[in-house]
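Presented below is the structure to which this report refers.
The values are calculated or read from the model by the stated rules, or taken from the named source; none is laboratory data. Here the structure is a predicted model, which is why all the values come from computation and not from measurement. We place every Cβ from the backbone using ideal geometry, glycine too, and count neighbours over all the protein chains shown.
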């Protein structure tokens, strides 16, 4: 009956979908996720035939918040403590606890589940080992912690009743009319019949909100006197805020998160962010750990165990990122070692990680060792002459001599950062391509309808012009949709470079620059150009072969399906696309644009940090382009383009200077910063 109570509980239910229960092996620091076909993993993924884990655990949350108790029956295939085959939640009001006295202490024999319409005599007994009971603390529990929990509804019940009463009052106000309760007075005696007739007549004429605009007319000698408080006098605003805080308090849900009056009156973006973090840290994590302890105890299976996975909870990730940033700043300042930093940021330890990060003019040293200036190797004169002749490659060679392993590790780290964002880019690309599909088909259908009205043949040229006009406007939509993703990649790349260079930069400053604006403006142009080229090619084929609009609709649908990695095409359609169309555009866009965004961010950060030069790094495997493998190790000063197979590129993936798609699509190369220390190149 109460929207606040419902909203608070269901907010918890929805929030917990981001933290599923999973089965693991190993310890807390080095745990490993078990495969989907593992018996324990399969059980927690699908607790019973009818429910997945999200629905199952949502029911647990609802039951515990409403009644203070969550009862889960374990369906075991046989006797003993074998792993259950299914888990079933039982309605708390249908479960009885069977107490047992053991001397001076209380205990329980088991539980009795009484199904609907059954008597207690027909109840189903359940042993304690087959019933998981998670409850809220009840200080009045007669079984001293083994009985029923205290419902959150108990302390808020009166405030909930007041809130319901106010809602009911407002409903009656609208049902019965704008006039608040009052008295009609007449200056002459009235019989009961007259009184009843006047009351009915008054409600008939002026009752209900639909009659609010009617003008009231009173007979001679009649007056109306209000006897109740008006809205202003009743101070509903203060009542609402008082009730909301008292209702939501026991649930631990900040008002701002469910859009209540008191929450909205004090809402800002920063407040909402802090409220989400507070909600997870102070409410959901502690409540969830109550369930996790029970799940771990009852679902024991060999060396496997269950635990909630909080790694995808945005609010907790924001907190974790804050701790990572603090660790990074401490690392940059030389306050903690590389391994201490890696542990704080969730990375594994390395053999050479017990070193502090020191400024550019020094070198990293083992803990406890003395800091020595970088030494230069003595080389014969002819070797020095050879190096001077090699020009740019001389510096690159010096870099590799200083740290080949670090160089390779950094390139893979940047590639890993880009890969971690590919799913988000691919999802956004699929979403935008689906919008393009609908709009392209709409333009085709409008021209078809118009040609029928004109009783003329289909105007393919009109369709092409309509598509081109649409793509011009769609470019801005693509740009706006991808800006948050591009920013996220650049922010991650700033952390990668910050750890390498020992510097930090507020990337928020980059968003307001002309450079970033120009980058995002250019972002969607090649995507729109590709779509336009293939739509034009498709229309030329339709004109040449005399297609009907129906065949064109089918071809367009197949084209967009193939672009978004759909495998439902016929063999004939598949052959046609292999010859003519770019396959799997969603993945191509994701792979190309993530690494491109990371490299663009690096280029801007080099300028901000006054890095004098950068080196082209290629991942030298069987997938690398020969042109890009040849670029590996080439050093250019910041602001000077690289020359790749005769084309100029400011960074890998850059097409702003005319580099073709053949040098850009699916590129995995990156750049690394280069600085001079006593004539040598170093990180």
Please specify each residue of the range 42-78 satisfying the condition of being farther than 17 Å from residue 5 by Cβ and assigned to a loop (DSSP other than H, G, I, E, B). 46, 47, 49, 50, 52, 76, 77, 78
Evaluation of residue 77 against (1) surrounded by 13 or more Cβ atoms within 10 Å (Cβ to Cβ); (2) within 22 Å of residue 304 (Cα to Cα); (3) more than 31 Å from the chain's Cα centre (by Cα) (one fails), failing number: (1)
Tally time: how many residues in the range 547-576 are out of contact with any helix residue (DSSP H, G or I) (no Cβ under 8 Å at 6 or more places or on another chain), assigned to a loop (DSSP other than H, G, I, E, B) and modelled with pLDDT of 80 or more? 1
Residues in the range 448-456: is at least one touching a residue at least 12 places away in the same chain (Cβ under 8 Å) and surrounded by 14 or more Cβ atoms within 10 Å (Cβ to Cβ)? yes
Among residues of the range 612-644, those that are closer than 19 Å to residue 592 by Cα, out of contact with any strand residue (DSSP E or B) (no Cβ under 8 Å at 6 or more places or on another chain) and free of Cβ contacts under 8 Å to residues at least 40 places away in the same chain, counted: 6
Residue match in the range 94-103 (condition: surrounded by fewer than 20 Cβ atoms within 10 Å (Cβ to Cβ), in the same structural domain as residue 150 (by TED's automatic domain parsing) and in a loop (DSSP other than H, G, I, E, B)): yes
Might you check whether a residue that is farther than 26 Å from residue 128 by Cα, touching a helix residue (DSSP H, G or I) at 6+ places or on another chain (Cβ under 8 Å), at pLDDT below 90 and outside any helix (DSSP H, G or I) occurs anywhere in the range 267-285? yes
Specify which of the listed residues (510, 535, 501) is modelled with pLDDT of 85 or more and in the same structural domain as residue 605 (by TED's automatic domain parsing). 535
Return yes or no: is residue 453 part of a helix (DSSP H, G or I), in contact with a helix residue (DSSP H, G or I) (Cβ under 7 Å, 6 or more places away or on another chain) and assigned by TED's automatic domain parsing to the domain that holds residue 527? no
Any residue in the range 167-192 that's loosely packed, with under 12 Cβ neighbours inside 10 Å: show its pairings with residues that are assigned to a loop (DSSP other than H, G, I, E, B) and modelled with pLDDT of 65 or more at Cβ separation under 7 Å, as long as the two are six or more apart or on different chains. 187/221; 188/221
